[in-house]
Amino acid sequence: MPQYTAQIGPNGALLPTIVFVSTLRLAALLNANANVPNPVLANLQIDTGAAQTCLDNNVIQTLGLQATGLTLVGSATSGNNPSVILTYDASLSFTTVNGNQQLIVPALPILGLNLSAQGIDGLIGRDLLAAACMLYNGPTNGVLLSI
């Protein structure tokens, strides 16, 4: 099983992640001889409270992602009034502990949120964590994901 590490800091457990357009979007851009945006290195916070993976709107704009739908999102602060949030498709890549392998998620539905004020570029939600075994090691300030 490939393993991935994240450091626990003031903004939680952050996993360096390469984010790029989904494989379907990449194929469409190449077919149209259009410019393909460069991948973005993002620090995603591991968040067991988030049902779905999210990206900051700045990352979404940098990649030129197009909205694919809408979803209702409730939170501790929204009460009975969930917010309508745009959804996008993106690809994610994580470098393993030994640096030889990567997990590539070719097309993942993600939510677009304003997260940069929190010092993060996105959240890794339970949609991805459901496929992982996670060890949160407080004494070493690290998280180990095995997928």
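The values are calculated or read from the model by the stated rules, or taken from the named source; none is laboratory data. The shown structure was predicted, so the numbers you read here are calculated from the model rather than taken from an experiment. As a convention, Cβ positions derive from the backbone with ideal geometry for all residues, glycine included, and neighbour counts pool all protein chains shown.
Quick notes on this structure:
- Of all residues assigned to region 98-109, none qualifies as being assigned to a loop (DSSP other than H, G, I, E, B), of a type in the set (A, V, I, L, M), under 21 Å from G49 (Cα atoms) and touching an Asp or Glu at 6+ places or on another chain (Cβ under 8 Å).
- Residue within region 6-27 that is assigned to a loop (DSSP other than H, G, I, E, B), hydroxyl-bearing (S, T, Y), without any contact (Cβ under 8 Å) to a residue 40 or more places away in the chain and touching a strand residue (DSSP E or B) at 6+ places or on another chain (Cβ under 9 Å) present: no
- Residue in region 110-120 that is assigned to a strand (DSSP E or B) and modelled with pLDDT under 90 present: no
- Set G122, G138, G74: member being closer than 19 Å to N11 by Cα and either exposed (fewer than 15 other Cβ atoms within 10 Å of the Cβ) or touching a His at 6+ places or on another chain (Cβ under 9 Å) (or both): G138
- I60 vs. criteria touching a strand residue (DSSP E or B) at 6+ places or on another chain (Cβ under 7 Å), more than 24 Å from S146 (Cα to Cα) and not in a strand (DSSP E or B): yes
- Scan of region 6-22 for residues that are more than 15 Å from the chain's Cα centre (by Cα) and surrounded by 14 or more Cβ atoms within 10 Å (Cβ to Cβ), ordered by number: Q7, I8
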